[in-house]
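Heads up: the structure comes next, in structure tokens.
The values are calculated or read from the model by the stated rules, or taken from the named source; none is laboratory data. All values derive from a computational prediction rather than experimental measurement. Neighbour counts are summed over all protein chains in view; Cβ atoms, including those assigned to glycine, are modelled from backbone coordinates with ideal geometry.
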């Protein structure tokens, strides 16, 4: 009896410790966000005298200044265009390539796929100079297309890897049945494979959107015109002008986070499932 009580007590202690650990982890993640939100609604003097507490008074002047002086809507629009074009292109091309690697046999298949995986570990910064030379010769510097093509190319290896590992889990019997019914290879991809891979597609889309939206280096180099400035680059430049006015900067940071939080919340229930499948179900 005493032994049973001891086991129950140990399990209870272990459960409590796990919960406390999760609460501590959540607090570490959420406290900086709370700090940003609270500070973004403070005046400059209120922030200097009370950086942690509740805004007194609660003001929207920081967001108004971003709209007037920082061209926030233009930055949002530029980031939205580049992100949408590059993510759609990378997901579409990644799905086509992943379907080929998962369903067809051709010479050098495994070697080519291994090369694609190897490309995932190459940091973008080492390719900046050749990319800039190529973009300059193709007259793609300071254009949406130039930055979008580069983003799509950099995201493509991960997309092929993730989708291919998911596609190979789809039973061959389903594909064979479609072929018997006269479905083409592209028809199998768009009518069968992609609908069954919704979680993987959502995962890839969310990861890609988060990366492109928050990317700085490529946007800074390939979109140099003021009218093409993306949100992250705009906030960096804005910070140089208002370095001592932290509430304005934090307001911009919070504004840039809102679309990404919404996208993540919408795709949250597919995210873990798709990421796990892509990581664990590959050959």
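Each row is one residue, and each column tells you yes or no for (1) within 29 Å of the chain's Cα centre (by Cα); (2) farther than 27 Å from residue 197 by Cα; (3) loosely packed, with under 10 Cβ neighbours inside 10 Å.
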{"residue": "12", "(1), (2), (3)": "no, yes, no"}
{"residue": "35", "(1), (2), (3)": "yes, yes, no"}
{"residue": "41", "(1), (2), (3)": "yes, yes, no"}
{"residue": "47", "(1), (2), (3)": "no, yes, no"}
{"residue": "59", "(1), (2), (3)": "no, yes, no"}
{"residue": "93", "(1), (2), (3)": "yes, no, no"}
Criterion first (surrounded by 20 or more Cβ atoms within 10 Å (Cβ to Cβ) and either modelled with pLDDT of 85 or more or more than 26 Å from residue 171 (Cα to Cα) (or both)) does residue 235 satisfy it? yes
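I'd like to know if the range 212-222 contains one or more residues that are more than 23 Å from residue 87 (Cβ to Cβ) and touching a helix residue (DSSP H, G or I) at 6+ places or on another chain (Cβ under 8 Å).
No, the range 212-222 contains no residue that is more than 23 Å from residue 87 (Cβ to Cβ) and touching a helix residue (DSSP H, G or I) at 6+ places or on another chain (Cβ under 8 Å).
Give, as residue ranges, the helices (runs of 4 or more DSSP H) completely inside the range 140-201 that count at least 3 residues that are surrounded by 17 or more Cβ atoms within 10 Å (Cβ to Cβ). Explain how you work it out, then say what you get.
On the way: elements: 144-167, 172-180, 185-188.
Here the list reads 144-167.
Among residues belonging to the range 258-273 that are assigned to a helix (DSSP H, G or I) and buried (at least 16 other Cβ atoms within 10 Å of the Cβ), point out the one that is modelled with the lowest pLDDT.
Of all residues in the range 258-273, those assigned to a helix (DSSP H, G or I) come to 258-266, 268-273.
Filter once more, keeping what is buried (at least 16 other Cβ atoms within 10 Å of the Cβ): 259, 263, 270-271.
Values: 259: 87, 263: 84, 270: 68, 271: 62.
Here the answer is 271.
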Checked against (1) in contact (Cβ under 8 Å) with a residue 12 or more places away in the chain; (2) under 15 Å from residue 221 (Cβ atoms); (3) under 22 Å from the mean Cα position of the chain (by Cα), residue 141 satisfies every condition except (3)
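Take residue 221 and tell me if it is surrounded by 14 or more Cβ atoms within 10 Å (Cβ to Cβ) and over 25 Å from the mean Cα position of the chain (by Cα). Give the derivation first.
Details: surrounded by 14 or more Cβ atoms within 10 Å (Cβ to Cβ): yes; over 25 Å from the mean Cα position of the chain (by Cα): no.
Criteria not met by residue 221.
Got a sec? Which helices (runs of 4 or more DSSP H) wholly within the range 1-118 have at least 2 residues that are over 30 Å from residue 227 (Cα atoms) and at pLDDT 85 or above?
Numbers: elements: 2-40, 44-49, 61-69, 72-103.
Answer list for the range 1-118: 2-40, 72-103.
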Of (1) part of a helix (DSSP H, G or I); (2) modelled with pLDDT of 85 or more, residue 224 fails just (1)
